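To keep things clear, I will list the structure first and then write my remarks on it.
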Amino acid sequence: MARTAKIAKSLKKPKFKVRVRNRCRVCGRARGYIRKFQMCRICFRGMALNAAAAKHQRVDVPVSKLKTEIARILKEEGYISTYKMVEENKSRKTLRIFLKYTPDRRSVITGMKRISRPGQRNYLGSRDVRPVVGGLGINILTTPKGVMTGRSARKSNVGGEILCEVW
Ligand SMILES: [Zn+2]
C-alpha cells in the first residue's frame, strides 16, 4: 500500500471493533509492530540506529574491563558525559553510561560501527590507522599499550585490533 494511504488508514477509526490493529505511529504499517515503541520494525530499526528511539539519559551494561576502557575513551573524546560503576549486589556489577545530547536534544554520537568481530578480526599497524569521517570521528583500538584511539595509537607507534568507529 502506498505510504500516504497507509498513514491515512492508520488515522481512520475502523468500522468494526475487531478490525482494530496496532499500527506504526510513524508510517502506519500494521505488521511487525513493536508495542513498547508503538512502531513497526522498520521504523524502529531506523530510529534505533540513530539512537533516537529511547532518548535515554543512561544505559546499563554488564561490566567488563574492555567496556570500561571504551567508556573511558568515549568520555575523554566527549561522546558521553560520564560513566560509573554501579554495584547491584556482590556478584554483579554494572557499568552505567550517561549519554550526551546537544541542546536541541540530538545525540552527540551520530553513528558507530563495529569493525573487528569475533567472526572476523581486524588488525591494523600503527601506520595504517585511518581517520574516521575525515577526522571528525574516532576509532578505538586495543593495543599492547592498552585501549586507545586511533590517533594516539598512531602517535605512540602501536598497532592493534580495531574495535569500532564512532562519529
Ligand atoms: Zn513504521
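Loop only per DSSP, at most 12 neighbouring Cβ atoms within 10 Å: give me the GluC sites (Glu not before Pro) in region 36-123, ordered by residue number.
Numbers: sites: E69, E76, E77, E87, E88; in loops: E77, E88.
Listed in order of number, the matching sites are E88.
Would you work out which of M39, P118, I70 lies farthest towards the positive end of the dipole of the chain, given +1 charges on the beta-carbon of Lys and Arg and -1 on that of Asp and Glu, about the Cα centre?
Checking the options against the dipole of the chain, the answer is M39.
Tell me the label-point distance for the pair S126, A30, using the 7 Å Cα-to-Cβ offset, in nm and rounded to one decimal.
Result for the modelled spin labels: 6.3 nm.
Under 8 Å for C-alpha pairs, at least 6 residues apart: give me the relative contact order for region 110-167, rounded to a whole percent. Please report the intermediate quantities before stating the final value.
Values: 118 pairs, mean separation 27.6, N = 58.
Normalised by residue count, the contact order of region 110-167 is 48 percent.
How many nm is it between the label spots at L66 and F98, if each spot is 7 Å from the Cα in line with the beta carbon?
2.7
In terms of Cα to Cα distance under 29 Å, which lysines are near enough to K9, apart from those fewer than 8 places away along the same chain?
Straight-distance partners of K9: K17, K36, K55.
Sticking with the crude label model, points 7 Å out along Cα→Cβ, report the distance from N89 to N157 in nm, one decimal please.
Here the modelled spin labels are 5.1 nm apart.
Skipping prolines and chain starts, which residues have an amide H placed within reach, meaning under 5 Å, of the one on C27, given they are 5 or more residues away or on another chain?
Amide H to amide H, under 5 Å and 5 or more residues apart or across chains, C27 pairs with C40.
Dipole of region 62-156, Cα-centred, from +1 at each Lys and Arg C-beta and -1 at each Asp and Glu C-beta, to the nearest 20 debye?
With only Lys, Arg, Asp and Glu charged at Cβ, the dipole is about 180 debye.
If each residue of separation counts as 0.36 nm, what is the full-extension length gain between E76 and T4 once their alpha-carbon separation is subtracted?
Gain on extension, E76 to T4, equals 21.4 nm.
Rank by packing, highest mean first: peptides 105-113, 144-152, with packing defined as the count of other Cβ atoms within 10 Å averaged across residues.
Numbers: 105-113: 14.0, 144-152: 17.2.
Highest mean packing first, the order is 144-152, 105-113.
Where a ≥ b ≥ c are the square roots of the eigenvalues of the C-alpha gyration tensor, would you call the chain rounded, which needs a/c under 1.5, or, failing that, prolate if a/b is larger than b/c, or oblate?
Prolate, since a/c reaches 1.5 and a/b exceeds b/c.
If contacts are Cα pairs under 8 angstrom and at least 6 residues apart, what is the relative contact order of the chain in percent?
That works out to 15 percent.
Since every read-out is calculated from the coordinates, none of them should be taken as a lab result. Since the structure is predicted, the reported quantities are computational estimates derived from the model, not experimental observations. FYI the Cβ positions are ideal-geometry reconstructions off the backbone, even for glycines, and counts take in every protein chain you see.
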